[in-house]
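The values are calculated or read from the model by the stated rules, or taken from the named source; none is laboratory data. Every value quoted in this text rests on a predicted model; they were computed, and no experiment measured them. Heads up, the Cβs are rebuilt from the backbone with ideal geometry, glycines too, and the neighbour counts pull from every protein chain shown.
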Amino acid sequence: MKKNLTILILSALAILIVVGIEIFLVTRIYRLETEKFDYRYREILQKGLAYIDKRGDNRGLASAYYFLNGQSLKVLPLYIPESSDTVKFKEVVLKGFHKTLVQKQNLDSLLTGYLKKMKVETTFQSNFSITNLVLFDNQKVVKVFNKVSDSAWTYPDTLNIRLNQIPVNHYSYYADHFEIGIDYYVDFNNKKSIVLKEVAGSLLIAFLALAAVSLIFLFSMRNLMEERRLSQLKTDFINNMTHELKTPLSTISIATRTLENDTILDDRAKIKETVSVIRRQNRQLTKQINHLLEISMWERKQFSLDRRMLDLEPFFFGLAEAFRWECNEKQCKLEERFTFITKTAYLDEVQMTVALHNLLINAVKYNSQDPEVILEVSCDDRLRISVTDNGIGIGKEDQKHIFDKFYRVSTGNVHKVKGLGLGLFYVKQIVEAHGGSIDVSSRPGKGSTFTLILPVHGKNQNSPG
Ligand code: ADP
């Protein structure tokens, strides 16, 4: 158990590590793809700007500079000496310059035209960010803004650069009354979806790898549990078998010792009784060994049904009669409810007797009060047989396994009722070999009902196993 738990923890840890690595790789790939996108488009846009400049199309910026020169002449005389209001004043000037730049330039439409020509992504937004602004005339110089030295400033919102924008170009311009430095940024609206499309392949592979690892993990866990369950079953079976074989053997050994005793040689009755004990125990031993031989024969697929048209009425009445006789001494009541619309069915009489006998015997064996058993049989287009008892019942979890080979409901290490966990396994094999099915419904403490449904004209004569 401890070993299994360690394997479980180690496997879960391994999966967590794989998930961690995959998240790391995918985010890295996403970042690299974003960088690749930025790099590619910066190159395209810069080529575009060079092309536009070469053709002398970019008259927008020139007109903005011209206009700003006039503006600076108006602003200079308003310059107020250093005070708490200075910052506010500079902010107003900076915003005014930025606004004029954005309004007067026509770079965006020129660049869109270029991008269309290059047949690449064309929907973008641009932004001018002023990095440096100085106003001057013959007497004074007004340093309005410098991105490096004025970093303590609250940068005006309109100039803010978003993280995913691509810095395309830097312009610096020196006019009669002002000097300005500008960064030109571009932000593609569909950048995220384009990059995601590029990453989709890697994402899919990562997801598939993760799914495969998880499946392998689940599969291994299931195998491990199954192995554990089988090993437990094996141990239980060996314990039960030892018990089943040892009891008759020790009885035979005591009986033999009794016969060796000279004092009973004259007591014919005692001798007869002891011999009959030996015979009974011997029969019990033979039965158990035959049980095992049959199972091993089935496993080698040497088992086949011997099906004939069986008259149902005499078969079931005979079965009920034999059972009533068998459990006479156990204060057992058997109720028969038979409805035969179809009177015959294609069955193996011997195997069906074994199967139904197992069910009836279990109804008595697993019962802590006076057993009351109902054998209900109806036959029309299908043969439906159910055995209901007022026994100890079977829990939901055990119901899933009672038809497994060697499975016995756990009652701790001590089994009050003898058995090898083969009876119901047998029943299921026989029913399925007839092309039928078996089901159980049960409530602990209330009793159980086992229901068999069989075809009347079975065509597929299967072998179990
Ligand atoms: P065995 O009786 O030899 O143990 P079976 O295959 O006949 O093996 O039954 C498997 C287990 O199912 C039994 O150990 C018992 O716990 C449970 N069982 C079977 N029939 C009944 C029943 N009618 N009522 C309660 N428990 C049952």
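Observations on the model:
- Among the candidates ALA322, ALA269, the residue that is under 26 Å from GLU372 (Cα atoms), small (Gly, Ala, Ser) and assigned to a helix (DSSP H, G or I) is uniquely ALA322.
- Here is the figure for the range 349-363: residues that are within 12 Å of the ligand (Cβ to nearest atom) and surrounded by fewer than 21 Cβ atoms within 10 Å (Cβ to Cβ) total 4.
- Helices (runs of 4 or more DSSP H) (entirely within the range 15-120) containing at least 2 residues that are assigned by TED's automatic domain parsing to the domain that holds VAL144 and under 22 Å from ASN190 (Cα atoms): 107-118
- Figure legend. Inter-residue proximity from the range 352-370: first residues under 19 Å from ASP439 (Cα atoms) and in contact (Cβ under 8 Å) with a residue 40 or more places away in the chain, second residues aromatic (Phe, Trp, Tyr) and near the ligand (Cβ under 9 Å from one of its atoms), beta-carbon distance below 7 Å, spacing 6+ or different chains. Indicated pairs: VAL354/TYR426; ALA355/TYR426; ASN358/TYR426; LEU359/PHE450.
- When the range 123-151 is filtered for residues that are more than 22 Å from LYS74 (Cβ to Cβ), assigned to a strand (DSSP E or B) and in contact with a helix residue (DSSP H, G or I) (Cβ under 9 Å, 6 or more places away or on another chain), the ones remaining, listed by number, are PHE124, GLN125, SER126, ASN127, SER129.
- Within the range 376-401, the residues that satisfy the criterion of being within 26 Å of HIS457 (Cα to Cα) and either more than 13 Å from the ligand (Cβ to nearest atom) or not in a strand (DSSP E or B) (or both) are GLU376, VAL377, SER378, CYS379, ASP380, ASP381, ARG382, LEU383, ARG384, ILE385.
- Meets criteria (within 12 Å of the ligand (Cβ to nearest atom) and in a loop (DSSP other than H, G, I, E, B)) for VAL417: yes
- Cβ pairs under 7 Å, 6+ apart, first in the range 406-432 and modelled with pLDDT under 80, second within 7 Å of the ligand (Cβ to nearest atom): HIS415/ARG408; VAL417/LYS365; VAL417/TYR366; GLY419/ARG408
- Candidates ASN223, ASN240: the one that is exposed (fewer than 15 other Cβ atoms within 10 Å of the Cβ), part of a helix (DSSP H, G or I) and outside the structural domain of GLU43 (by TED's automatic domain parsing) is ASN223.
- Lone qualifier among ARG40, ARG59 - being farther than 25 Å from PHE217 by Cβ and modelled with pLDDT of 85 or more: ARG40
- Condition check for GLN302: modelled with pLDDT under 85, out of contact with any helix residue (DSSP H, G or I) (no Cβ under 8 Å at 6 or more places or on another chain) and part of a loop (DSSP other than H, G, I, E, B): yes
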